[in-house]
Amino acid sequence: MANNENETAASAANGEQQAPGLSVLTQYVKDFSFENPNSPNSLLPRKEQPEIKININVNANAMSETDFEVVLKLEAKAGEGKEVLFNAELEYAGIFRLTNLPQEAMHPAVLIECPRLLFPFARQIISDATRNGGFPPLMIDPVDFARLYQARMAQAQQDQATGEAGKA
């Protein structure tokens, strides 16, 4: 192992490019809430499937030049009309270290690849919570974080253009 570290240091000193890296330093539940406000009535058999709304959001905070806290927020709400069957909210976070990435690749890596790694764990927490709340486990479909990122960037550009048009 010492030889490998010495070779890595020697490669860096010689100006050789090291491979990009993404490491998960830790993962944790930052905030979690499950509500079953109309129990036990909400647990009675239903004629129709309830409407389920799912919202997903990703935020990131730089902790250093290479370390980022990424927070994946999942909200799942089931109901029939005005009646809420359950409401689950989860903020699942991880601290990631990104090394040897070009500057232009950092932002997409943090907001696409990091939440992609967190998602299966957050999905399992929501599934377990709904099952433990007396409902069938809610298995959230896989999420295309690249598409979410592109939509977020398009919205930011539109907001910036609208803001600049308003100043003119």
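The values are calculated or read from the model by the stated rules, or taken from the named source; none is laboratory data. Note that the structure is predicted; figures quoted are calculated from it, not measured. Quick reminder, even Gly has a Cβ in these numbers, built from the backbone with ideal geometry, and neighbours come from all protein chains shown.
Assess whether Asn6 counts as being assigned to a helix (DSSP H, G or I) and modelled with pLDDT under 95. Spelling it out, Asn6 is indeed assigned to a helix (DSSP H, G or I) and modelled with pLDDT under 95. Scan the range 83-119 for residues that are in contact (Cβ under 8 Å) with a residue 60 or more places away in the chain, touching a Ser or Thr at 6+ places or on another chain (Cβ under 8 Å) and of a type in the set (Phe, Trp, Tyr) and the total you get is 1. Condition (residue is touching a strand residue (DSSP E or B) at 6+ places or on another chain (Cβ under 9 Å) and at pLDDT below 90) applied to the range 137-154: is it met by at least one residue? There is at least one residue in the range 137-154 that is touching a strand residue (DSSP E or B) at 6+ places or on another chain (Cβ under 9 Å) and at pLDDT below 90.
State all residues of the range 125-150 that are over 14 Å from Phe34 (Cβ atoms) and outside any loop (DSSP other than H, G, I, E, B); if no residue qualifies, say none.
First, the residues of the range 125-150 that are over 14 Å from Phe34 (Cβ atoms): 136, 139-150.
Residues satisfying the conditions are Phe145, Ala146, Arg147, Leu148, Tyr149, Gln150.
Output the residue which, of all residues in the range 126-142 that are out of contact with any Pro (no Cβ under 8 Å at 6 or more places or on another chain) and buried (at least 16 other Cβ atoms within 10 Å of the Cβ), is nearest to Ser64 (Cα to Cα). The extreme case among them is Ile126.
Look at Arg123 and say whether it is farther than 30 Å from Ser42 by Cβ, surrounded by 12 or more Cβ atoms within 10 Å (Cβ to Cβ) and among the basic types (Lys, Arg). Criteria not met by Arg123.
Of all the criteria given as (1) touching a strand residue (DSSP E or B) at 6+ places or on another chain (Cβ under 9 Å); (2) under 30 Å from Ser23 (Cβ atoms); (3) not β-branched (Val, Ile, Thr), the one not satisfied by Glu104 is (1).
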